[in-house]
Amino acid sequence: MLKGFSPASYEHQVQAMIDDYATEDLLPQITCPTLVVHAREDNTFPSAELEFIADQIPAAQFTIIEECGHMSPMERPQAITALMRLWFKK
């Protein structure tokens, strides 16, 4: 799906995020309603991590999209679009 994207490059990017972006303490300061979406088959970010994020944001909703992985907008665009439309109607 992502031609020319090496596993080593991906690992480097993820490690940079882990090393440089410790923002957990900022999550409770988010004041706008927030939709946190997890794709059931996403092996990049475990569900528990995203549930933690949603739990830390006062006005967050945690939702799981079935039958897709990390590229959920490309894998299940209709499901993502429907979810976002419902969210924005609130």
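None of the figures in this text is laboratory data; all of them are computed from the coordinates on show. Since we're looking at a predicted model, the values are computed, not measured. Cβ: placed from backbone, ideal geometry, glycine included. Neighbour counts: every protein chain shown.
Among the chymotrypsin sites (Phe, Trp or Tyr not before Pro) in the chain, which ones are in a DSSP loop with at most 12 other Cβ atoms within 10 Å of the Cβ? Mind listing them?
5, 21
Please give the calculated 222 nm ellipticity per residue for the chain, where each DSSP H segment of at least 4 residues contributes -39500 (n - 2.57) and the sum is spread over every residue; nearest 500 deg cm²/dmol?
Estimated from H runs of four or more residues: -13500 deg cm²/dmol.
What's the extension gain from residue 10 to residue 31 if we count 0.36 nm per residue and subtract their Cα-Cα distance?
4.4 nm
Between region 18-38 and region 45-90, what is the separation of their alpha carbon centroids in Å?
What the calculation gives is 14 Å, centre to centre.
Given the chain, report the % of alpha carbon pairs whose separation exceeds 23 Å.
34
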